[in-house]
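The values are calculated or read from the model by the stated rules, or taken from the named source; none is laboratory data. Predicted model only: the values in this text are computed from it and were never measured. Backbone-built Cβ (ideal geometry, glycine too); neighbour counts: all protein chains shown.
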Amino acid sequence: MGGFPLRILVVGAGIAGLAVARALRMAGFRPDVIDRLPPHDLVDTGLYLPGNAARALRRLELDGPVRPLGQVIHRQRFRDITGAPLCEVDLDALWAGVGECRALLHGELHRVLLTGAGGAVRYRVGIDAVDLFPETVGVTFADGATAEYDLVIGADGARSAVRTLAALGGPPLAAGQVVYRAVARGGPPVPEWTALLGHRAGFLVVPIGPGRLHCYADETGTVVPADPLARIRELFGDYGGPLPDVLDCLEQVHASVTDEVELGRWYRGRVLLVGDAAHATAPTLSQGAAMALEDAVVLAESLRSSTDDVDAALAAYESRRRPRTRWVRDRTRDRNRTRDVSPALRDPLLRGRGGRIFGEHYRLLLGPL
């Protein structure tokens, strides 16, 4: 590039896009960041970050601002629908040397990342076309303006417009789950990550700070109900443990179908996909944010080491990231299959070996990026 800094456009100002912007700024680049939505148009639900997310935040030098937020989670507790114990995972032991696990509000992490990215996001800006040239990308914005970049990064989620415009893939595939998210305030004390497993459905409760619980539930299906709150009260009304009191505290529930994205390649020309735009999975392992944060770290490292050969940098980035995202996808599918097994068969197995089985799902992620 003749010694000049790369002109980079990041499309999407969610966790993936802001993390990429932060990592690029740390590497000496000054990317433009756009988002088609207005600022702060976020559903403020909870978020659970496993230890590898904490490691990536350290690499982004954002672990300090995150540390006062939410609550550190030390154990995962799995229970049957009555609330009786099935198994536990010692998270401190599992993620030792990697990072602590934390639950917090999605909006809290977003604000930290926005500050870390420099805060310079152009909102309400969409793109209508990308034109791939030998070493640049022409971008036509929704308002008719045009610009040329050395690299365009699609961080615009599972339903990525960049992916479609660059002919890297079409719409995502349905993962076969309907998921429900809510924050319960003033609910019962739940000291640790606690999941109640039913048949083709489950409910997770995670503390995210004083008086607040992150609630996540899923069921097999592909249609979002008209009244999500009524649906989860119907679906989980006979569950035990803390759920009766949790359900009583819920006021608003957000429901969506889950998407999977599986692509033959993540870049074409000088257009690259990151985060859910490249490798979305069901959120069963809580790895969506973690994978996006790791993507940001590795991409910045790849570009910094190969600034004069962007094509080589993109190839190196994809070759490093694919094994980990493939592992997450495959282990997510493995865990989802346990939900579909009859509790009469599944629960005795989990009481005997569940902690080891569930802990094994993260084994590859304990290693270096």
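Of the residues in the stretch 303-318, how many are hydroxyl-bearing (Ser, Thr, Tyr), free of Cβ contacts under 8 Å to residues at least 40 places away in the same chain and part of a helix (DSSP H, G or I)?
Counting residues in the stretch 303-318 that are hydroxyl-bearing (Ser, Thr, Tyr), free of Cβ contacts under 8 Å to residues at least 40 places away in the same chain and part of a helix (DSSP H, G or I) gives 1.
Suppose we filter the stretch 254-268 for residues that are in a loop (DSSP other than H, G, I, E, B) and surrounded by fewer than 21 Cβ atoms within 10 Å (Cβ to Cβ); how many remain?
Residues in the stretch 254-268 being in a loop (DSSP other than H, G, I, E, B) and surrounded by fewer than 21 Cβ atoms within 10 Å (Cβ to Cβ): 4 in total.
For Leu57, are the conditions met, namely being over 27 Å from Gly202 (Cβ atoms) and in contact with an Asp or Glu (Cβ under 7 Å, 6 or more places away or on another chain)?
Details: over 27 Å from Gly202 (Cβ atoms): yes; in contact with an Asp or Glu (Cβ under 7 Å, 6 or more places away or on another chain): yes.
Against the criterion (over 27 Å from Gly202 (Cβ atoms) and in contact with an Asp or Glu (Cβ under 7 Å, 6 or more places away or on another chain)), Leu57 qualifies.
Of all helices (runs of 4 or more DSSP H) completely enclosed by the stretch 59-121, which ones contain at least 1 residues that are basic (Lys, Arg), under 30 Å from Ala13 (Cα atoms) and under 18 Å from the mean Cα position of the chain (by Cα)?
Of the helices (runs of 4 or more DSSP H) lying wholly inside the stretch 59-121, those with at least 1 residues that are basic (Lys, Arg), under 30 Å from Ala13 (Cα atoms) and under 18 Å from the mean Cα position of the chain (by Cα) span 106-116.
Search the stretch 136-182 for residues being assigned to a loop (DSSP other than H, G, I, E, B) and among the acidic types (Asp, Glu), and hand back the single one that is surrounded by the most Cβ atoms within 10 Å (Cβ to Cβ).
Asp156
Kindly list, by first and then second residue, each pair from a residue in the stretch 94-106 that is more than 23 Å from Arg356 (Cβ to Cβ) to a residue that is polar (S, T, N, Q) and in a strand (DSSP E or B), limited to pairs with Cβ atoms under 8 Å and residues at least 6 apart or on different chains.
Short answer, once both residue conditions are applied: Arg102/Gln71; Ala103/Gln71; Leu104/Gln71.
Residue under question is Thr82, and the condition is that it be polar (S, T, N, Q), modelled with pLDDT under 95, surrounded by fewer than 22 Cβ atoms within 10 Å (Cβ to Cβ) and more than 21 Å from Arg356 (Cβ to Cβ); does it hold?
no
Within the stretch 183-239, how many residues are touching a residue at least 12 places away in the same chain (Cβ under 8 Å), exposed (fewer than 15 other Cβ atoms within 10 Å of the Cβ) and of a type in the set (A, V, I, L, M)?
Of the residues in the stretch 183-239, 2 are touching a residue at least 12 places away in the same chain (Cβ under 8 Å), exposed (fewer than 15 other Cβ atoms within 10 Å of the Cβ) and of a type in the set (A, V, I, L, M).
Does Asp248 count as buried (at least 23 other Cβ atoms within 10 Å of the Cβ) and of a type outside the set (A, V, I, L, M, F, W, C)?
Spelling it out, it is not the case that Asp248 is buried (at least 23 other Cβ atoms within 10 Å of the Cβ) and of a type outside the set (A, V, I, L, M, F, W, C).
Restricting to the stretch 26-50, give me the number of residues that are touching a His at 6+ places or on another chain (Cβ under 8 Å), outside any strand (DSSP E or B) and crowded, with 16+ Cβ neighbours inside 10 Å.
Of the residues in that region, 1 qualify.
Residue check: is Val246 within 21 Å of Leu47 (Cα to Cα), within 19 Å of the chain's Cα centre (by Cα) and among the aliphatic types (A, V, I, L, M)?
On the way: within 21 Å of Leu47 (Cα to Cα): yes; within 19 Å of the chain's Cα centre (by Cα): no; among the aliphatic types (A, V, I, L, M): yes.
Judged against the criteria, Val246 is not a match.
If you scan the stretch 269-302, which residues turn out to be hydroxyl-bearing (Ser, Thr, Tyr), part of a loop (DSSP other than H, G, I, E, B) and buried (at least 24 other Cβ atoms within 10 Å of the Cβ)?
Thr281
Take Arg321 and decide whether it is more than 30 Å from Arg7 (Cβ to Cβ), part of a helix (DSSP H, G or I), at pLDDT 95 or above and not aromatic (Phe, Trp, Tyr).
Spelling it out, it is not the case that Arg321 is more than 30 Å from Arg7 (Cβ to Cβ), part of a helix (DSSP H, G or I), at pLDDT 95 or above and not aromatic (Phe, Trp, Tyr).
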